Amino acid sequence: MDGGNRSGDSEFLLLGISERLEQQRILFWMFLSMYLVTVVGNVLIILAITSDSCLHTPMYFFLANLSFTDLFFVTNTIPKMLVNLQSQNKAISYAGCLTQLYFLVSLVALDNLILATMAYDRYVAICHPLHYVTAMSPKLCVLLLTLCWVLSILYGLIHTLLMTRVTFCGSRKIHYMFCEMYVLLRLACSNTQINHTVLIATGCIIFLTPLGFMIMSYVWIVRAILQMPSASNKYKAFSTCASHLAVVSLFYGTLCMVYLQPLHTYSMKDSVATVMYAVVTPMMNPFIYSLRNKDMHEALQRLLGKPFQRLTR
């Protein structure tokens, strides 16, 4: 790698989606609102699950960790985006850019693996309900979550280390809002074939394999539900899976638009799709999981009702 990448004046310019001042103001307030909604929504989910003993089950254990991941995910990107939208200095250091890239890649992978783990939890709960307590023991849940973290950390390290081998000798203007994998590879003036090959290969392992597992899980889940004699039991089983399916569809829909394509075809429309999974998906998850979930509704009511109860005493 060229030593210039490590020099003190080595930096990138995050120019954002638009350079027009009036559009930047609109984007600032839009992203600030989305960030606040995301933070409040995910913090409420975490507090409701941790404070309510009724929600101390594997499904909500993984949901709380998904909310934590989403919270960390948006905090990695949006604050810097907001600063750039308000500031004339839009520079980010080479080390800062790689740090942002590492957490972005790792947390996307972690989101995906947790969703796959939640699909397994629903499979055991619906297809093998009598063995659910023993099959999804606390020890196994912690082990599965640890495995998700280890794999996502390794995934992020692989791509970040490979990016340090890339040379940037031309323009470092990024017409985007954060340091994203394909954007950086498009700026490279060295051969990035290894990066792209590893990205596709590891992506198939870390994303398509869990997706295939989730599809197979839901095939068995649907078969089990259709065999249930009671219509109320069918509705209850479907409702517990609907939220998860909605989040998976939103997550993979935007992700596939960006990464399942050749590098040379990457364009601005794909950067908009990246904003979708980086900003919109974490914001929507709390709403999706709470709107159709009676237990979560009740837990949130109890959580939010406590301060008012203290005030009225």
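Okay, here's what the table says:
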| read-out | value |
| --- | --- |
| Residue within segment 107-122 that is open to solvent by 40 Å² or more (accessible area, probe 1.4 Å) and more than 17 Å from Ser217 (Cα to Cα) present | no |
| Hits in segment 125-181 - residues which are among the hydroxyl-bearing types (Ser, Thr, Tyr) and surrounded by 20 or more Cβ atoms within 10 Å (Cβ to Cβ) | Ser152, Tyr155, Tyr176 |
| Counted residues, segment 197-247 - those being within 24 Å of Ile288 (Cα to Cα) and of a type in the set (S, T, N, Q) | 6 |
| Number of the exception - Tyr102 against (1) over 30 Å from Tyr218 (Cα atoms); (2) touching a Gly at 6+ places or on another chain (Cβ under 7 Å); (3) open to solvent by less than 20 Å² (accessible area, probe 1.4 Å) | (3) |
| Cβ-Cβ under 7 Å pairs, at least 6 apart or on other chains, segment 27-43 side more than 22 Å from Asn65 (Cβ to Cβ), far side surrounded by fewer than 17 Cβ atoms within 10 Å (Cβ to Cβ) and among the small types (Gly, Ala, Ser) | Leu27/Ser18 |
| Filtered residues of segment 180-203 (kept if modelled with pLDDT of 85 or more, within 21 Å of Leu113 (Cβ to Cβ) and hydrophobic (A, V, I, L, M, F, W, C)) | Val198, Leu199, Ala201 |
| Tally of residues being over 20 Å from Ala242 (Cβ atoms) and out of contact with any Phe, Trp or Tyr (no Cβ under 7 Å at 6 or more places or on another chain) across segment 43-64 | 9 |
| Residue check, Met257 in contact with a helix residue (DSSP H, G or I) (Cβ under 7 Å, 6 or more places away or on another chain), at pLDDT below 80 and surrounded by fewer than 20 Cβ atoms within 10 Å (Cβ to Cβ) | yes |
| Flag if Leu211 is surrounded by 14 or more Cβ atoms within 10 Å (Cβ to Cβ), aliphatic (A, V, I, L, M), at pLDDT below 80 and part of a helix (DSSP H, G or I) | no |
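Here's the yes/no breakdown for (1) crowded, with 20+ Cβ neighbours inside 10 Å; (2) under 13 Å from the mean Cα position of the chain (by Cα); (3) among the charged types (D, E, K, R):
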| site | (1), (2), (3) |
| --- | --- |
| Arg20 | no, no, yes |
| Arg25 | no, no, yes |
| Ile45 | yes, no, no |
| Leu55 | yes, no, no |
| Phe72 | no, yes, no |
| Ala91 | no, no, no |
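The values are calculated or read from the model by the stated rules, or taken from the named source; none is laboratory data. Values in this document were obtained by computation on a predicted structure and should not be read as measured data. All Cβ positions, even for glycine, are placed from backbone atoms using ideal geometry, and neighbour counts span all protein chains on display. Protein only, heavy atoms only, side chains kept; ligands, DNA and RNA dropped before computing areas. Shrake-Rupley method; radii C 1.70, N 1.55, O 1.52, S 1.80 Å.
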